[in-house]
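Each value in this text was obtained by applying a stated rule to the coordinates, not by laboratory testing. Everything numeric here is computed off the predicted structure, so don't read it as measured data. Because the Cβ atoms are built from the backbone with ideal geometry, glycine has one as well, and the counts that use them run over all protein chains shown.
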Amino acid sequence: MDYEGACFFTAVHPLLSVSKILICISWFWRVRVGRKERTAAVAACGVLCYSRCEATERGVRGGQMELRRGTETVLVVDDEQLVRELARDILKRYGYTVLMASGGEEAVELYRQHADKIAMVILDILMPDVDGVETFRRIREIDPAARVVISSGYDEDHAGEKLLQAGAAAFVQKPYRIAELLKVVREAIEQK
């Protein structure tokens with residue numbers, strides 16, 4: 001088993017249900033063709049895999065990292081259901097209200113309906129219907145000050161960099177690390 005696989009099995013967070021863990025494990029091993037596909041499989045199923053797995057987990061438990069809570073509403077946009085659900089589970093556990101969209105069209109409509117409540121958006125770059133770049137543009141048409149965090153497992157076209165230059169608040173790498181996701185969300189919300 002390689003390092004990535006070892007992290008996968010040793011650092012699964014307690015927020016995952018047994019069924020989600022089993023789905024992710026079977027998918028992870030089924031898609032192990034090449035490095036890019038393996039990374040995409042882990043990112044797509046949203047497995048919480050830590051760098052230096054046990055060390056990071058000990059750091060969170062030992063109080064070395066502050067996991068800040070919030071009460072704001074976050075819109076999570078990702079075409080992968082497990083990624084949306086895992087982000088929702090993490091954010092809800094730390095006090096946030098979460099709206100979810102499975103694609104760009106749905107995200108824009110949800111943002112239009114709830115713009116006054118949504119404090120920030122976590123937006124996947126690669127989606128089949130309307131990609132993250134176009135979704136970002138449409139959300140910014142509704143609210144030019146919208147706080148959007150870009151999310152991706154890999155970014156071949158460097159769309160994340162382009163969106164950061166266009167005003168996105170931050171970039172968060174998938175698979176999500178709990179401490180990193182919470183930190184990026186909090187910082188994006190508090191940005192002036």
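Points worth noting:
- Lys-Lys pairs in segment 73-190 that are eight or more residues apart or on separate chains and whose Cα atoms lie under 21 Å of each other come to 6.
- Charge tally in the Cβ shell below 10 Å around Lys183, where Lys, Arg are +1 and Asp, Glu are -1, Lys183 excluded: 0
- Solvent-free Debye calculation, one equal scatterer per alpha-carbon of segment 73-190: log10 I(q)/I(0) at 0.11, 0.20, 0.22 Å⁻¹ equals -0.28, -1.06, -1.34.
- Most to least packed among 104-110, 119-125 [average Cβ atoms within 10 Å]: 119-125, 104-110
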